[in-house]
Amino acid sequence: MGLFSGKGSAEANFLGVDIGGSSLKIVELTNNNGRAQLVTYGYIERSLKGEGQKLIDDPEKTAALLRKICDTSKVVTNRAITALPSQAVFNAIISITEISAKDLASPKKVTTAVEWEAKKVLPLPLEEMILDWKIITPEENIKKQKEAGDKIKNLQILLTGAAKTVVQKYIDIFKKAGLSLISLETESFALSRSLIGKDKSTVVVVDIGGSNTDISVVDGGLPLLSRSLGVGGLSFTRNISETLSVSVEQAEQYKRDLANLDTPEGQLPEIVERAIRTIADEVQYTINFYLDQPDNKNKKVERIILTGGSSSLFNLPKYFSDKLGIRTFIGNPWARVIYPLDLQEVLDGIGSRLATAVGLAMRDIE
């Protein structure tokens, strides 16, 4: 039995597993008449002393940690979904310049056309990568072209790829942990699912993790542009450590003490402002790059959503709103999840950490 739901069963439940550089988070959800319901959750974060090797590079240890969290959290199902980190994923929008309506109805022929175009942009040979793709040309546009003739021109495809060697590491971890890995997707899709849902407006998701910050432009419910920046919560800590000549552990505690201090609204402590300004500048660059594309000239970003373990430090929504001129909020991954109301305060406090895991577990429910 899971911790929070007596109705969960192995057949109705899904386990979202988020493997970070130094943290491991799980969320189990069950399908309650088409709505996601919380069954259990758990997470573990390694000490800063162990920041050298990433969890994904030590399958034996990571599998043992995953099994331990599942046992402690009383996970019901063994059906797991995980995500590749943004920096390990290749994304591109490609165009198939001309395809017949008959061929468009054949998945095999569309796949052949996609692979032909993918070869021109992939960073590795096609045979060394695993590809996924999705047609993003609006259905009404395709319908109009079919009515005008037999050919569909400029069919746009969202292409996602990852090296087979990277994917194999994840497969090995879940096999060693005794879990069935039923799907592997990208963090940006998981975050879009948990934080945005069916909203079709243009939204930017900023995931501030320990080592990296991932920025995704989500438009029409799809993450169409993703960038990764090697600045995160650990960068804040290192700035403090170097400035004050204290250990990383002491700086981490000092960072959290600083975050709890009363400062003028929207103003950040100078000792961490530099790293956060770097993130804000990269978000602005990403927005400008996306809106400068010919098809996006008349669009605007409606809001920015912050998530990740470091997003709740300081008053970042106010800082981003003021600096970028766009409404900014901390994301709430529990907005469409059923859970016991007496857990709301606890879940609100850890929501930013678990947003990716929530989105993964929701994949086959919504």
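The values are calculated or read from the model by the stated rules, or taken from the named source; none is laboratory data. As the structure is a prediction and not an experimental result, all values here were calculated from the model. Please note: Cβ atoms are built from the backbone with ideal geometry, for glycine as well, and neighbour counts cover all protein chains shown.
Right, Ser321: in contact (Cβ under 8 Å) with a residue 40 or more places away in the chain and either part of a loop (DSSP other than H, G, I, E, B) or more than 22 Å from the chain's Cα centre (by Cα) (or both) or not?
Working: in contact (Cβ under 8 Å) with a residue 40 or more places away in the chain: yes; either part of a loop (DSSP other than H, G, I, E, B) or more than 22 Å from the chain's Cα centre (by Cα) (or both): no.
No: the conditions fail for Ser321.
Hey, could you check the range 102-134 for residues that are in a loop (DSSP other than H, G, I, E, B), in contact (Cβ under 8 Å) with a residue 12 or more places away in the chain and of a type in the set (A, V, I, L, M, F, W, C) and say which is nearest to Val166 (Cα to Cα)?
Taking the candidates together, the pick is Leu124.
Tell me, please, whether a residue that is hydroxyl-bearing (Ser, Thr, Tyr) and surrounded by fewer than 22 Cβ atoms within 10 Å (Cβ to Cβ) can be found in the range 176-186. Write out each step before concluding.
Our first condition is that a residue be hydroxyl-bearing (Ser, Thr, Tyr); within the range 176-186, this holds for 180, 183, 186.
Subsequent filtering for residues that are surrounded by fewer than 22 Cβ atoms within 10 Å (Cβ to Cβ) retains 180, 183.
Within the range 176-186 (the criterion being hydroxyl-bearing (Ser, Thr, Tyr) and surrounded by fewer than 22 Cβ atoms within 10 Å (Cβ to Cβ)), the answer is yes, since at least one residue qualifies.
Step by step: first the residues of the range 272-295, then only those that are without any contact (Cβ under 8 Å) to a residue 60 or more places away in the chain and crowded, with 18+ Cβ neighbours inside 10 Å, then the one that is farthest from Arg238 (Cα to Cα). Which residue is that? Show your work before the answer.
Keep residues of the range 272-295 that are without any contact (Cβ under 8 Å) to a residue 60 or more places away in the chain, which gives 272-278, 280-281, 284-285, 288, 291-295.
Then keep just the ones that are crowded, with 18+ Cβ neighbours inside 10 Å; that gives 272, 275-276, 280.
Working: Val272: 9, Ala275: 10, Ile276: 13, Ala280: 18 Å.
Among them, the one singled out is Ala280.
Determine, yes or no, whether Ala335 is loosely packed, with under 15 Cβ neighbours inside 10 Å and either more than 12 Å from the chain's Cα centre (by Cα) or over 14 Å from Ser312 (Cα atoms) (or both). Walk me through it before giving the result.
Numbers: loosely packed, with under 15 Cβ neighbours inside 10 Å: yes; either more than 12 Å from the chain's Cα centre (by Cα) or over 14 Å from Ser312 (Cα atoms) (or both): yes.
Spelling it out, Ala335 is indeed loosely packed, with under 15 Cβ neighbours inside 10 Å and either more than 12 Å from the chain's Cα centre (by Cα) or over 14 Å from Ser312 (Cα atoms) (or both).
Which count do you get for residues in the range 181-206 that are part of a strand (DSSP E or B) and at pLDDT 95 or above? If you could, list the steps in order and put the result at the bottom.
If we filter the range 181-206 for residues that are part of a strand (DSSP E or B), which is where we start, we get 181-186, 203-206.
Remaining after also requiring at pLDDT 95 or above: 203-206.
Number satisfying all stated conditions: 4.
Which number in (1) surrounded by fewer than 22 Cβ atoms within 10 Å (Cβ to Cβ); (2) touching a Phe, Trp or Tyr at 6+ places or on another chain (Cβ under 6 Å); (3) not small (Gly, Ala, Ser) marks the one condition that Thr243 misses?
It fails just one condition, (2).
Being crowded, with 22+ Cβ neighbours inside 10 Å, modelled with pLDDT of 95 or more and among the hydrophobic types (A, V, I, L, M, F, W, C) is the requirement here; does Leu306 meet it? Step through it out loud before you land on a result.
Numbers: crowded, with 22+ Cβ neighbours inside 10 Å: yes; modelled with pLDDT of 95 or more: yes; among the hydrophobic types (A, V, I, L, M, F, W, C): yes.
Yes; evaluated as a whole, the condition is true for this residue.
Return yes when Asn154 is over 21 Å from Gly178 (Cβ atoms), outside the structural domain of Asp18 (by TED's automatic domain parsing) and in contact (Cβ under 8 Å) with a residue 24 or more places away in the chain and no when it is not. Outline the logic, then answer.
Details: over 21 Å from Gly178 (Cβ atoms): yes; outside the structural domain of Asp18 (by TED's automatic domain parsing): yes; in contact (Cβ under 8 Å) with a residue 24 or more places away in the chain: yes.
When the stated conditions are applied, Asn154 passes them.
Specify which of the listed residues (Ser95, Ser73) is polar (S, T, N, Q), within 27 Å of the chain's Cα centre (by Cα) and surrounded by 15 or more Cβ atoms within 10 Å (Cβ to Cβ). Before the answer, list the steps.
Numbers: Ser95 fails: surrounded by 15 or more Cβ atoms within 10 Å (Cβ to Cβ).
Among Ser95, Ser73, only Ser73 is polar (S, T, N, Q), within 27 Å of the chain's Cα centre (by Cα) and surrounded by 15 or more Cβ atoms within 10 Å (Cβ to Cβ).
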